[in-house]
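Data block below; observations after.
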Amino acid sequence: MCARLLLGLSLGYTANAPAQLPALNEAPWLGYFAGYKNNCFTFGISAVGEIKVTPLNDDGDTFGPHHHFAILFGIEEVLPNGEREI
């Protein structure tokens with residue numbers, strides 16, 4: 001259930017890179033455009049478009065030396081001659 005929700009949220013995110021999104025100003029989502037939390041993870045999209053996922057343990061606390069990981073997107077164009085441009 002958690003994995004499908006996370007995948008759906010990450011695939012549904014599209015925005016132009018140069019734009020800055022409006023940010024929330026209430027804890028715990030200060031500086032985020034959007035956020036979601038359940039008992040497995042938190043998922044947030046920052047005002048600059050970074051996507052961060054924070055796994056939670058059984059007590060609902062973060063764990064490990066790196067509390068979150070980022071999901072990064074890139075666009076690559078394949079030219080008619082087969083060459084790739086990033």
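Nothing in this text is a laboratory measurement; each read-out follows from the coordinates by a stated rule. Quick caveat: nothing in here was measured; it's all calculated off a predicted structure. Neighbour counts run over all protein chains shown; Cβ positions are idealised from the backbone, glycine included.
Close contacts from segment 51-63, counting a first residue that is touching a residue at least 40 places away in the same chain (Cβ under 8 Å) and within 24 Å of Ala23 (Cβ to Cβ) and a second that is among the aliphatic types (A, V, I, L, M) and surrounded by fewer than 16 Cβ atoms within 10 Å (Cβ to Cβ), with Cβ to Cβ under 8 Å and a gap of 6+ residues or different chains, come to Ile51/Ala70; Ile51/Ile71; Ile51/Leu72; Val53/Ala70; Val53/Ile71.
Residues that are assigned to a loop (DSSP other than H, G, I, E, B) and either among the β-branched types (Val, Ile, Thr) or in contact with a Pro (Cβ under 6 Å, 6 or more places away or on another chain) (or both) within segment 44-80 comprise Val48, Ile75, listed in sequence order.
Applying the criterion of being of a type in the set (Phe, Trp, Tyr) and crowded, with 16+ Cβ neighbours inside 10 Å to the residues of segment 34-50, the residue that is farthest from Pro22 (Cα to Cα) is Phe41. The single condition from (1) touching a residue at least 40 places away in the same chain (Cβ under 8 Å); (2) of a type in the set (Val, Ile, Thr); (3) touching a His at 6+ places or on another chain (Cβ under 9 Å) that Ile71 fails is (3).
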